[in-house]
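Student: I am attaching a structure below and will ask some questions about it afterwards.
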Amino acid sequence: MSFAADLRQKATQLWHIQRVKGLARAQSGLGPHTLITVAEIACNDPACPGPATQITILGVDLIRRSFVIHRPVSDVTAADLCHPTT
């Protein structure tokens, strides 16, 4: 893969990560002091054909909540965040 194509792929993935963070913050009504991380991880479930998206929320109460959506970060929608699978 060329440098430009690699850079474009990384920029696209980062854009989708930021988009999903925004969706998670909007869907749950979280304030600006809540830390949200989004990562694309390998899916170990045989029914999951590719990467999965892990969303971790660390609130001001210092309780960490984490869930996995069995689809790549680029395919995550607001509807996925309404009924996440754990």
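The values are calculated or read from the model by the stated rules, or taken from the named source; none is laboratory data. Since the structure is predicted, the reported quantities are computational estimates derived from the model, not experimental observations. Virtual Cβ from ideal backbone geometry, glycine too; neighbours counted across all protein chains shown.
Student: Within the range 37-75, which residues are of a type in the set (A, V, I, L, M), farther than 21 Å from Arg8 by Cα and under 9 Å from the mean Cα position of the chain (by Cα)?
Tutor: Scanning the range 37-75 gives Ile55, Val68, Ile69.
Student: I would also like to ask the following. If Trp15 passes every condition in (1) within 9 Å of the chain's Cα centre (by Cα); (2) modelled with pLDDT of 95 or more but one, which one does it miss?
Tutor: With (1) within 9 Å of the chain's Cα centre (by Cα); (2) modelled with pLDDT of 95 or more applied to Trp15, the lone miss is (1).
Student: Going by the conditions given, is Thr77 surrounded by 15 or more Cβ atoms within 10 Å (Cβ to Cβ) and of a type in the set (Ser, Thr, Tyr)?
Tutor: Judged against the criteria, Thr77 is not a match.
Student: Then there is this: Would you check which residues across the range 17-49 are surrounded by 12 or more Cβ atoms within 10 Å (Cβ to Cβ) and in contact with a Pro (Cβ under 8 Å, 6 or more places away or on another chain) and list them?
Tutor: Once the filter is applied, which keeps residues that are surrounded by 12 or more Cβ atoms within 10 Å (Cβ to Cβ) and in contact with a Pro (Cβ under 8 Å, 6 or more places away or on another chain), the range 17-49 yields Glu40, Cys43.
Student: Ok, one more. Would you pick out the residues in the range 27-80 that are of a type in the set (A, V, I, L, M), in a loop (DSSP other than H, G, I, E, B), without any contact (Cβ under 8 Å) to a residue 12 or more places away in the chain and on the phi < 0 side of the Ramachandran plot?
Tutor: Residues of the range 27-80 that are of a type in the set (A, V, I, L, M), as a first pass: 30, 35-36, 38-39, 41-42, 47, 52, 55, 57-58, 60, 62-63, 68-69, 73, 76, 78-79.
Imposing the further condition that a residue be in a loop (DSSP other than H, G, I, E, B) reduces the set to 30, 42, 47, 60, 62-63, 76.
In the following step, the residues that additionally are without any contact (Cβ under 8 Å) to a residue 12 or more places away in the chain were identified as 42, 62-63.
Result: Ala42, Ile63.
Student: Same structure, new question: Which of the following residues is touching an Asp or Glu at 6+ places or on another chain (Cβ under 9 Å) and either over 14 Å from Thr77 (Cβ atoms) or of a type outside the set (Ser, Thr, Tyr) (or both): Pro51, Pro32, Pro46?
Tutor: When all the criteria are applied, what remains is Pro51.
Student: What pairs come out if I take residues in the range 1-18 that are without any contact (Cβ under 8 Å) to a residue 60 or more places away in the chain and pair them with residues that are not in a helix (DSSP H, G or I) whose C-beta lies under 7 Å away, six or more apart or interchain?
Tutor: Ile17/Val38
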